[in-house]
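K.L.:
Could you have a look at this structure, given as structure tokens, before my questions?
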Amino acid sequence: RTALTCTTLIILTFTIMSFTSVKSARLHARIMFQAEAPYQGFFLKTANWKDLPAEALGTLANTFEQSIVGPRVWLENDDRTRVTRVPVSHGARTFEAQGVVGLSAREGQLTGLNRLLVAGRWFANDTDPAVLISQRMAENLGIQPDRLDGAAVHIWGARYQVLGLFDGQQLEAHTDLDGEPLT
């Protein structure tokens, strides 16, 4: 009897484990944040701003071939409640930025962020080492808005051409489809 009971339990356990699968649950939610959207499109993000898989960009670009797909990246600490300090230098002057946002050249077409520029121009492509900096940072670094040609800054030793200047307050006031500022 003991052997038959053990055999039955083993078979039942094996059967239950063989036909049970673990699934990840997806929750799709639509929330209207504001009556007027700043642009027409989709804004994809994960809960708590966790990373999207690296394959997501290629999949979205292939799925929406006729549309503009613009990735974004943020430089952040492991502790997301702390500001990431980034030293930006021009000549002998240094300014400590409190974050870095990576935007594609297509972002201006998507969201109209290129309209926030007060001097210079938007990115021409995604490969040139170039940056847009705030007016306040340009003032502190001694970069003249009317003399951006050839102006460059160093971030962690790497040289980046300054393409344009933006108004930091306007950037903070510019909300995305989720009702939050880009930063």
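The values are calculated or read from the model by the stated rules, or taken from the named source; none is laboratory data. Quick caveat, the model's predicted, so the values are computed rather than measured. Glycine gets a Cβ as well: all are built from the backbone with ideal geometry, and neighbour counts include every protein chain shown. The area values use the complete protein model at the heavy-atom level, side chains included, leaving out ligands, DNA and RNA. Shrake-Rupley method; radii C 1.70, N 1.55, O 1.52, S 1.80 Å.
K.L.:
With everything on Cα atoms, drop me the angle between helix 2-18 and the longest principal axis of the chain, reported from 0 to 90° to the nearest 10.
P.N.:
Rounded to the nearest ten degrees, it is 30.
K.L.:
Express as a percent, rounded to the nearest 5, the fraction of DSSP beta bridges in the chain (both residues included) that run antiparallel. Spell out each step's value before the answer.
P.N.:
On the way: 19 of 24 bridges.
Given both bridge residues lie in the chain, the antiparallel proportion sits at roughly 80 percent.
K.L.:
Step through the residues of region 48-58 one at a time and calculate ³J(HN,Hα) from phi using the Karplus curve (6.51 cos²θ - 1.76 cosθ + 1.60, θ = phi - 60°), rounding each to whole Hz and writing x for Gly and Pro.
P.N.:
6, 6, 6, 5, 7, x, 4, 6, 4, 4, x
K.L.:
Moving on. At most 14 other Cβ atoms within 10 Å plus a DSSP loop assignment makes a site exposed; report the longest stretch of the chain without any exposed GluC sites (Glu not before Pro). List each step's numbers first, then the result.
P.N.:
On the way: sites that count: GLU36, GLU65, GLU76.
Within the chain, the longest run free of exposed GluC sites (Glu not before Pro) spans 77-183.
K.L.:
In terms of modelled amide H atoms, which long-range or inter-chain residues lie less than 5 Å from the amide H of LEU182?
P.N.:
ASP176
K.L.:
Leaving out ligands and nucleic acids, and using a 1.4 Å probe, what accessible area per residue does the chain come to in Å²?
P.N.:
Numbers: 13810 Å² over 183 residues.
Solvent-accessible surface per residue comes out at 75 Å².
K.L.:
Any chance you could tell me what percent of the C-alpha pair distances in the chain go past 28 Å? Kindly include the intermediate steps, with their values, before the conclusion.
P.N.:
Numbers: 6930 of 16653 pairs.
Percent of Cα pairs beyond 28 Å in the chain: 42.
K.L.:
Ignoring any ligand, DNA or RNA, what whole percent of the accessible area of region 1-157 comes from carbon and sulfur when the probe is 1.4 angstrom? Mind showing how you got there, number by number?
P.N.:
Details: 6810 of 12520 Å².
Carbon and sulfur together cover 54 percent of it.
K.L.:
Around ALA119, which amide H atoms from residues at least 5 apart in sequence, or from another chain, sit under 5 Å from its own amide H, with H modelled in the peptide plane?
P.N.:
Close amide H contacts, sequence-distant or interchain: LEU165.
K.L.:
Which whole-Hz couplings ³J(HN,Hα) result when phi for each residue of region 78-86 is put into the Karplus expression 6.51 cos²θ - 1.76 cosθ + 1.60, θ = phi - 60°, listed in order with x for Gly and Pro?
P.N.:
Couplings: 5, 8, 6, 8, 9, 6, 8, 8, 10 Hz.
K.L.:
In deg cm²/dmol, rounded to 500, what helix-only [θ] at 222 nm does the chain give when every DSSP H run of at least 4 residues adds -39500 (n - 2.57) and the total is split over its residues?
P.N.:
Numbers: 5 runs with 44 residues, N = 183.
Computed ellipticity for the chain at 222 nm equals -6500 deg cm²/dmol.
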